[in-house]
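Structure, as structure tokens:
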Amino acid sequence: MGITLEKQYLKGYVAKKDFKQIFPKIKKAHDALEKKAGLGSEFTGWADLPSRTEDNFLNSLVALGEEVRSYSDCLISIGIGGSYLGIRATLKFLRNAEKIPVEYAGHNMSTDGLYELLESVKNKRIAVAVISKSGTTTEPAIAFRIIRKMMEEKYKGDELKKRIICITDGKKGALRQIADKGGLRSFVIPDDVGGRFSVLTPVGLVPLAIAGCDVRALVEGAREGQKEYSVPDIEKNIAYQYAAVRYLLYKQRKYIEVLASFYDNMFYLAEWWKQLYGESEAKEGKGIFPSSLNMSTDLHSMGQLMQDGVRNVFETFVNIEHTNHSLSIPREEEDLDQFNIVAGKDLDYVNKQALNATAAAHYEGGVPNSSILLERADSFHLGKLFYFFERAVAVSGYLLGVNPFNQPGVEAYKKKMFALLGKK
Ligand code: PA5
């Protein structure tokens, strides 16, 4: 079951001989990753995580989900960055996978946003998943304070304890202490997996299982991804091909990558991807700026820029081969809009022609592009895609000569903010 990488619109930018030339560098990056000998190797636990994740653990999460849903009308998922985006990306991608609604908190500090959320759930039976690897991040810590107070007013004793689930470090951080002192259920985020690589750890799996998503299929897809994208031969490994394409285009001063999709369930997947790629590569003055567009909506606002703006951009489409449903376009007697030409065809047929036309037009306008094609938008393919992107960015970071697994730059604003808040 598959994911493929289509490269026809790279012609003139990336040639077969370029792939051959870059192969030794890719092999070096691959070896560094496999032998845990590269920069940041202490955070490469994600690389064999799918095969290390036990079925018993996944079964226990499914049971946990059934239990929590039996006494909850909604789940509030508290977290930011890597402790937020993968969950939202998955639920949006899978459409309607939630068996109870999921609300998100702790990913900003909007008073009105959180107030409205609290108002909307106050008469419901609530479960909370609070996720923070460090256990000290400002946004989720403060949101959790406010939500915990509401929960403590609403529920007491065991009723309270069964409704708050903490996902955090095994030993350190404020959230670990709160969980242990309060006798709350908790799950451990492995030390060797960084935030943006953590969607397939309890960070993503626990809230997703509570929401009712098929975590077994998600991990099964990632396991297949691990097998396919850990192969050293670039000819056989599309994750490495994607990493190579990005690097070769970067060397041609294509400094912006637009992840574009004609499928509206990809919105948060692109947000997840932006964190993964931005935080992993952009350091020491290097790296591609990851951006995203939602087609065909954005063709009517950003299409001009893509076709005709500064030629420092390349594009990666994420496409879906088979939609879950079909919608036939009706024939009309008068044919005023002259769309009887597609009467009887499925809406996705037109969408795919728009996609094909856009890829061709942008290429002719000087934007090289490739397409990642998923057979279906289901849990299995998403798990595989998560792994594809993780594997590719690790190699891509090594090609650039940076440590893909740290994020020293995100501390600067925090230091200034803590000084302003008077926090030690
Ligand atoms: O990539 C990262 O490490 C960060 O963006 C984190 O995911 C984000 O800051 C959340 O951190 P934490 O889980 O420690 O609250």
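The values are calculated or read from the model by the stated rules, or taken from the named source; none is laboratory data. The model shown is predicted, which means the values in this text are computed figures rather than measured ones. Cβ sites come from the backbone with ideal geometry, for glycine too, and all protein chains shown count toward neighbours.
In segment 403-424, the condition of being part of a helix (DSSP H, G or I), out of contact with any helix residue (DSSP H, G or I) (no Cβ under 9 Å at 6 or more places or on another chain), without any contact (Cβ under 8 Å) to a residue 12 or more places away in the chain and of a type in the set (Ser, Thr, Tyr) is met by at least one residue. Can you find a residue in segment 64-77 that is touching a strand residue (DSSP E or B) at 6+ places or on another chain (Cβ under 8 Å), closer than 24 Å to SER134 by Cβ and within 16 Å of the ligand (Cβ to nearest atom)? Scanning segment 64-77, I find at least one residue that is touching a strand residue (DSSP E or B) at 6+ places or on another chain (Cβ under 8 Å), closer than 24 Å to SER134 by Cβ and within 16 Å of the ligand (Cβ to nearest atom), so the answer is yes. Condition check for ASP18 on (1) out of contact with any strand residue (DSSP E or B) (no Cβ under 9 Å at 6 or more places or on another chain); (2) at pLDDT 95 or above; (3) acidic (Asp, Glu): one failure, at (2). In the condition set (1) in a helix (DSSP H, G or I); (2) away from the ligand (no atom under 16 Å from the Cβ); (3) of a type in the set (A, V, I, L, M), VAL393 is compliant with all but (2).
Picking from GLU42, GLU34, GLU98, which residue would you name as being within 16 Å of the ligand (Cβ to nearest atom) and either among the basic types (Lys, Arg) or under 24 Å from the mean Cα position of the chain (by Cα) (or both)? Quick ask: steps written out before the conclusion?
Values: GLU34 fails: within 16 Å of the ligand (Cβ to nearest atom); GLU98 fails: within 16 Å of the ligand (Cβ to nearest atom).
Criteria check complete, one pass: GLU42.
Taking the conditions exactly as written (more than 10 Å from the ligand (Cβ to nearest atom), within 19 Å of the chain's Cα centre (by Cα), surrounded by fewer than 20 Cβ atoms within 10 Å (Cβ to Cβ) and over 18 Å from ILE87 (Cβ atoms)), does ASP192 satisfy them or not? Steps first, please.
Details: more than 10 Å from the ligand (Cβ to nearest atom): yes; within 19 Å of the chain's Cα centre (by Cα): yes; surrounded by fewer than 20 Cβ atoms within 10 Å (Cβ to Cβ): yes; over 18 Å from ILE87 (Cβ atoms): yes.
Taking the combined requirement at face value, the residue satisfies it.
Would you call LEU58 away from the ligand (no atom under 16 Å from the Cβ) and in a strand (DSSP E or B)? The answer is no for LEU58. What are the residues in segment 94-141 that are crowded, with 24+ Cβ neighbours inside 10 Å and part of a helix (DSSP H, G or I), if any? The answer is PRO140, and nothing else. Here the condition is being more than 30 Å from VAL231 (Cα to Cα), of a type in the set (Gly, Ala, Ser) and without any contact (Cβ under 8 Å) to a residue 24 or more places away in the chain; of ALA97, ALA63, it holds for ALA63 alone. Can you pull out the residues in segment 158-183 that are in a loop (DSSP other than H, G, I, E, B) and more than 16 Å from the ligand (Cβ to nearest atom)? Hits for segment 158-183 are LYS162, ARG163, GLY183.
Has segment 327-339 got any residue that is in contact (Cβ under 8 Å) with a residue 40 or more places away in the chain and β-branched (Val, Ile, Thr)? Please lay out each step first, then the result.
Looking only at segment 327-339, we keep the residues that are in contact (Cβ under 8 Å) with a residue 40 or more places away in the chain, and these are none.
No, segment 327-339 contains no residue that is in contact (Cβ under 8 Å) with a residue 40 or more places away in the chain and β-branched (Val, Ile, Thr).
For the condition at pLDDT below 95 and either within 16 Å of the ligand (Cβ to nearest atom) or in contact with a Cys (Cβ under 8 Å, 6 or more places away or on another chain) (or both), VAL410 qualifies. Selection of segment 223-253 for residues being part of a loop (DSSP other than H, G, I, E, B) and in contact with a Leu (Cβ under 9 Å, 6 or more places away or on another chain) yields only SER230.
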